[in-house]
Each structure stands twice: as structure tokens, then as C-alpha cells.
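Structure, as C-alpha cells:
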Amino acid sequence: HYTKRFMLTGERFAVKDYIGRVVDAVFPNVSLIEDYIQKHFGSCCNEAAPQATSLMKSSLLAMSQHGLRSTTNQEIVKKLFVTMMSSSEAKEGIQAFLSKSSPSWVQPRAR
């Protein structure tokens, strides 16, 4: 609910007011993000689209460098999102979802 509102409106909010609702964690150092992802999300991240994951990490890095409210950051995030969603990887992922199959980057699970 909150996330959709913030994405659609661009409304600004204080992170401290949304910990556990919109914001899962705040990192004092960008290098801690990867450790957090592996610890809390584990192998499910290994099934995420590799290019999109890389672009998302770039977006997180941009936010840490320019600040959440900077115009530079907003432009970077917009460009990354458009790049992500217009990629062949996104098209493949959406098609795989609709056809209830796995995209090429997901390895079959060992039984």
C-alpha cells in the first residue's frame, strides 16, 4: 500500500517513520547491502534477473551517493528503471511469468 503510493506519487517520506513497512533496513555503508541481501533473502536472489539486479544495485548506490531527495538521484533511478523494463531480459521474464515457465537465467533445482 505505502510502496505503491510512493512509487505512483513520488511523495517524500521520513525513513524512520516507515521502517518495517516500506523500508526494511538502513545502511550506514553501501558495502553492507550485499551481506544483508544474502543473509535475509538467500538463494531467492540468485533467481532474479541478473541485469535487473545489477541495475537495482546501481540505483541503491546512486541513492547513497546523492541522497534520496536529490534531483540527480531521481533522474538516475528513472533512467535505470526505463532501461530495466525495456530490456530483452525484462521481456523474457514477463513472458516466462505469463507462461508459468522459468527464464533462461534460472537454473533447475537439484532434487
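The values are calculated or read from the model by the stated rules, or taken from the named source; none is laboratory data. Keep in mind that what you see is a predicted model, and the values were worked out from it rather than measured. We place every Cβ from the backbone using ideal geometry, glycine too, and count neighbours over all the protein chains shown.
I'd like to know if segment 47-57 contains one or more residues that are surrounded by 14 or more Cβ atoms within 10 Å (Cβ to Cβ), in a loop (DSSP other than H, G, I, E, B) and modelled with pLDDT of 75 or more.
yes
From the list S43, S87, S64, pick out the single residue that is modelled with pLDDT under 80 and closer than 27 Å to R5 by Cα.
S64
Output yes when any residue across segment 2-16 is at pLDDT below 75, under 21 Å from L80 (Cα atoms), small (G, A, S) and surrounded by fewer than 13 Cβ atoms within 10 Å (Cβ to Cβ), and no when none is.
For segment 2-16, residues at pLDDT below 75, under 21 Å from L80 (Cα atoms), small (G, A, S) and surrounded by fewer than 13 Cβ atoms within 10 Å (Cβ to Cβ): present.
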